[in-house]
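S.K.: First the structure, which I've put down as structure tokens, then a few questions once you've had a look.
The values are calculated or read from the model by the stated rules, or taken from the named source; none is laboratory data. Predicted model only: the values in this text are computed from it and were never measured. Backbone-built Cβ (ideal geometry, glycine too); neighbour counts: all protein chains shown.
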Amino acid sequence: MLLIHCPYCEEDRPELEFRHAGEAHIARPENMAELSDEEFERFFFIRSNPKGIVYERWRHIHGCARFFNAARDTVSDRFLATYKTGEPKPDLGKGK
Amino acid sequence: MADTIARASALEGRFLNADGLTLVRAEPAARLSLRAPKTAIKSLSKALGLDLPERPKTSSAKDGRAALWLGPDEWLVIDENQADLAGACASVAEFHSAVDVSHRNTAVLVSGARVETVLNAGCPQDLSLDAFPVCACSRTVFGKAEVILWRTGADAFRVECWRSFSDYVFMLLEQATRDR
């Protein structure tokens, strides 16, 4: 079983306690009413979906219930880092 | 003549003592789901008469009353004497949310030398004494149900779950006890 580090519980916990919650660092536009359909589509539906490192929101739903962010490699399914909501993307260094 | 309706609590009369393990339903207790920011912790601790723990996975207990850390701003308060917990918090002026969940939850007391193995049948957490010491508590999963584990002794746990899941939790515990 995958162990995921929860930044709020400050320890590795089993993946069954967590739930994926979509791509992270997507800012909701402040001028929502003025967006064109194309711009709204881009904000609302279009996700990066890369092969490699993704930044995602996760929720420790059966634990502390908090949302946090994680950097995960979609190829190896390895969690490279997890960090609290509101913190900037971590520096993952080279070669990762 | 009107028939009288007797109230039956969840898990009433359920008991198991087998293979060195005991499962017993906890006595009814008052419970409070408490959410509060840091600024209210001091006054709430004073009103409840015990320090709300601020470290992950920790609890504090005093005179039959306990506060379990569930999240950075969330606690489960249990009072075995069925005191009015929501009433105790009502005098606190700081912003907080206190919801009485006494009848939402029920608990199974699990004790015996094999307690870690039995709980690990449905709970994926490391429950060894190093990782989960006495007085530690955590919301987690047990099989398909969400539970709150609270270690009350080296070989004793209190398993809090919603009453609608309690039959499932008890049956899974029974099954795990008999599996050797």
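S.K.: Filter the range A:56-84 for residues that are surrounded by fewer than 19 Cβ atoms within 10 Å (Cβ to Cβ), hydroxyl-bearing (Ser, Thr, Tyr) and in contact (Cβ under 8 Å) with a residue 12 or more places away in the chain and give the result.
M.R.: A:Thr74, A:Tyr83 - these are the residues of the range A:56-84 that are surrounded by fewer than 19 Cβ atoms within 10 Å (Cβ to Cβ), hydroxyl-bearing (Ser, Thr, Tyr) and in contact (Cβ under 8 Å) with a residue 12 or more places away in the chain.
S.K.: Okay, moving on. Looking at (1) touching a residue at least 12 places away in the same chain (Cβ under 8 Å); (2) not in a strand (DSSP E or B), can you tell me which one B:Lys42 breaks?
M.R.: (1)
S.K.: Now for a different question. Test B:Arg35 against the criterion of being under 30 Å from B:Glu174 (Cα atoms) and surrounded by fewer than 19 Cβ atoms within 10 Å (Cβ to Cβ), and give yes or no.
M.R.: no
S.K.: Among the residues of the range B:133-150, count how many are in contact (Cβ under 8 Å) with a residue 40 or more places away in the chain and out of contact with any Phe, Trp or Tyr (no Cβ under 9 Å at 6 or more places or on another chain).
M.R.: 2
S.K.: Oh, and also: Report, by residue number, each residue of the range B:1-14 that is more than 18 Å from the chain's Cα centre (by Cα) and surrounded by 11 or more Cβ atoms within 10 Å (Cβ to Cβ).
M.R.: none
S.K.: Select, from B:Val101, B:Val108, the only residue that is among the aliphatic types (A, V, I, L, M) and either more than 20 Å from A:Ala65 (Cα to Cα) or touching a His at 6+ places or on another chain (Cβ under 7 Å) (or both).
M.R.: The conditions single out B:Val108.
S.K.: Select from the range B:61-83 the residues that are surrounded by 18 or more Cβ atoms within 10 Å (Cβ to Cβ), of a type outside the set (A, V, I, L, M) and in contact (Cβ under 8 Å) with a residue 40 or more places away in the chain and list them in ascending order.
M.R.: Of everything in the range B:61-83, those that are surrounded by 18 or more Cβ atoms within 10 Å (Cβ to Cβ), of a type outside the set (A, V, I, L, M) and in contact (Cβ under 8 Å) with a residue 40 or more places away in the chain turn out to be B:Trp69, B:Trp75, B:Asp79.
S.K.: If only one of A:Cys6, A:Cys64 is within 14 Å of chain B (Cβ to nearest Cβ), modelled with pLDDT of 95 or more and touching a Leu at 6+ places or on another chain (Cβ under 7 Å), which one is it?
M.R.: Result: A:Cys64 is the single residue among A:Cys6, A:Cys64 that is within 14 Å of chain B (Cβ to nearest Cβ), modelled with pLDDT of 95 or more and touching a Leu at 6+ places or on another chain (Cβ under 7 Å).
S.K.: Just wondering, is there one or more residues in the range A:35-52 that are closer than 16 Å to A:Pro88 by Cα and either within 14 Å of chain B (Cβ to nearest Cβ) or surrounded by 14 or more Cβ atoms within 10 Å (Cβ to Cβ) (or both)?
M.R.: no
S.K.: What residue, among those in the range B:22-81 that are over 11 Å from the mean Cα position of the chain (by Cα) and of a type in the set (Val, Ile, Thr), is farthest from B:Glu146 (Cα to Cα)?
M.R.: B:Thr39
S.K.: Would you mention how many residues in the range B:124-137 are surrounded by 15 or more Cβ atoms within 10 Å (Cβ to Cβ) and closer than 16 Å to B:Thr152 by Cβ? Can you show your working first?
M.R.: Within the range B:124-137, the subset surrounded by 15 or more Cβ atoms within 10 Å (Cβ to Cβ) is B:124-127, B:132, B:135-137.
Now narrow it down to the ones that are closer than 16 Å to B:Thr152 by Cβ: B:127, B:132, B:135-137.
Qualifying residue count for the region: 5.
S.K.: Tally time: how many residues in the range B:120-140 are hydrophobic (A, V, I, L, M, F, W, C) and closer than 16 Å to A:Gly63 by Cβ?
M.R.: 6
S.K.: Mind listing whichever residues of the range B:152-172 are assigned to a helix (DSSP H, G or I) and either under 17 Å from A:Asp12 (Cβ atoms) or touching a Phe, Trp or Tyr at 6+ places or on another chain (Cβ under 8 Å) (or both)? Reasoning before the result, please.
M.R.: Taking the range B:152-172 as the starting set, the residues that turn out to be assigned to a helix (DSSP H, G or I) are B:163-172.
If the condition is that a residue be assigned to a helix (DSSP H, G or I) and either under 17 Å from A:Asp12 (Cβ atoms) or touching a Phe, Trp or Tyr at 6+ places or on another chain (Cβ under 8 Å) (or both), then B:Val169, B:Leu172 are the ones that fit.
S.K.: Taking the stated definitions as given, is B:Ala86 farther than 27 Å from B:Asp126 by Cα, in contact (Cβ under 8 Å) with a residue 40 or more places away in the chain and surrounded by 19 or more Cβ atoms within 10 Å (Cβ to Cβ)?
M.R.: In short, no.
S.K.: Tell me whether the range A:20-34 contains one or more residues that are modelled with pLDDT of 95 or more and at the interface with chain B (Cβ under 10 Å from one of its Cβ atoms).
M.R.: no
S.K.: Test B:Asp19 against the stated conditions and say whether it is acidic (Asp, Glu) and in the same structural domain as B:Glu80 (by TED's automatic domain parsing). I'd like the intermediate steps shown before the answer.
M.R.: Numbers: acidic (Asp, Glu): yes; in the same structural domain as B:Glu80 (by TED's automatic domain parsing): no.
In short, no.
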